[in-house]
1. Quick check on Gly78: is it over 18 Å from the mean Cα position of the chain (by Cα), within 21 Å of Ala38 (Cα to Cα) and modelled with pLDDT under 85?
2. Which of the residues that make up the range 175-204 are within 18 Å of Asp287 (Cα to Cα) and small (Gly, Ala, Ser)?
3. Among (1) surrounded by fewer than 18 Cβ atoms within 10 Å (Cβ to Cβ); (2) at pLDDT 95 or above; (3) among the polar types (S, T, N, Q), where does Thr251 come up short?
4. What residue, among those in the range 168-198 that are more than 16 Å from the chain's Cα centre (by Cα) and not in a loop (DSSP other than H, G, I, E, B), is modelled with the highest pLDDT?
5. What are the residues in the range 25-59 that are closer than 12 Å to Val3 by Cα and either touching a His at 6+ places or on another chain (Cβ under 8 Å) or loosely packed, with under 14 Cβ neighbours inside 10 Å (or both), if any?
6. Say we look at the range 266-321 and pick out the residues that are closer than 20 Å to Arg207 by Cα and among the small types (Gly, Ala, Ser); which of these is modelled with the lowest pLDDT?
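The values are calculated or read from the model by the stated rules, or taken from the named source; none is laboratory data. Not measured: the values here are computed from a predicted model. Neighbour counts are summed over all protein chains in view; Cβ atoms, including those assigned to glycine, are modelled from backbone coordinates with ideal geometry.
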Amino acid sequence: MAVRITIEMFSGRPNPSWEINDPERVKELRERLGRKPAARGPVGSGYTGLGFDGIRVDFTEGDAPAGLPAGLELAGGGAKDFRASAELAQALVETIPRDLAEGGGIAVGDTSYAELMLETARGEIERTLNGGTQGGAYRSSKAQQESELPDGWKEQMQALVERAPSCYIDTEPWSPYYWNHPNIQPYNNCYAYGVAYRSDTFAWPGRAHNYTIPSSMLGYQVAVGLYKDGLVQFGYPCQSGSRRFLLALCTGVYPSTGVRDFHFYRFHPETGYWSHKHAGNSARYVDESGYVIRDPGVCDKGIYTEVYDYLFQSNDSVRIR
């Protein structure tokens, strides 16, 4: 039997994840989890929004131990004893392999990724222990968000509301029953959802075309991958194809360590609303405060407070991986 540990913290990037295979360590973990049932939260029972969602524990390679579920969450807000849950989570993140690479591979001789993920997780768990609310620590006021909007954003939003965008946008009905299906939801992130393409991967802009987004992960660097995948800047002449979707790209940062990520919103012209999907969580049309998203520029986006300058439109020629 093995145990998989996942730090649930990203929307676009793959979450840091690794397995504990040593029998003695697995046995010790089983005993610790068994002694504190109030520290265990069911998967998805706590916070599932943008930002840190907690530590997920999955038993693999066979049935779960007696008295324990196959999967559970710690420090996610769903446990009865949150302090005990956070303390267990702190112990588990310390087991991260120091040679872990992004995507779960091995980075020979390079410990920078693992150290950054460990420090970020430590900070997020500590913040929640000290009374911070998950998803609420990085919210900026509406006035602050409006002051940070790129030039022309408000005009573009007004054009969309009036159904007069520069490019025709196909109607994509709100379809949560499809994207939230258990065979689809866990394997498709915000980017796959944004371009309405089931990839069954945590798709990265540009990966299908051998482009790697730099770790600085600024908006224009993510956009390079979008262009390579076949998306175009909103307002450019429409390309041929029957599927055209409008996206908003946002980036965000965990201020304690500078770790960055990206997130997408998709426009629904039939309603004027926007929807999105956080990592392997459910697709939704509300922001982090529970309001219907009418404008991604001023909605509550958790840590993703950086609105990139452009909207993007996709079509049948888009290829992602």
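1. Details: over 18 Å from the mean Cα position of the chain (by Cα): yes; within 21 Å of Ala38 (Cα to Cα): yes; modelled with pLDDT under 85: no.
For Gly78, the condition - over 18 Å from the mean Cα position of the chain (by Cα), within 21 Å of Ala38 (Cα to Cα) and modelled with pLDDT under 85 - is not met.
2. Once the filter is applied, which keeps residues that are within 18 Å of Asp287 (Cα to Cα) and small (Gly, Ala, Ser), the range 175-204 yields Ser175, Gly194.
3. (1)
4. In this case the residue turns out to be Tyr178.
5. Arg25, Lys27, Glu28 - these are the residues of the range 25-59 that are closer than 12 Å to Val3 by Cα and either touching a His at 6+ places or on another chain (Cβ under 8 Å) or loosely packed, with under 14 Cβ neighbours inside 10 Å (or both).
6. Here the residue is Ser314.
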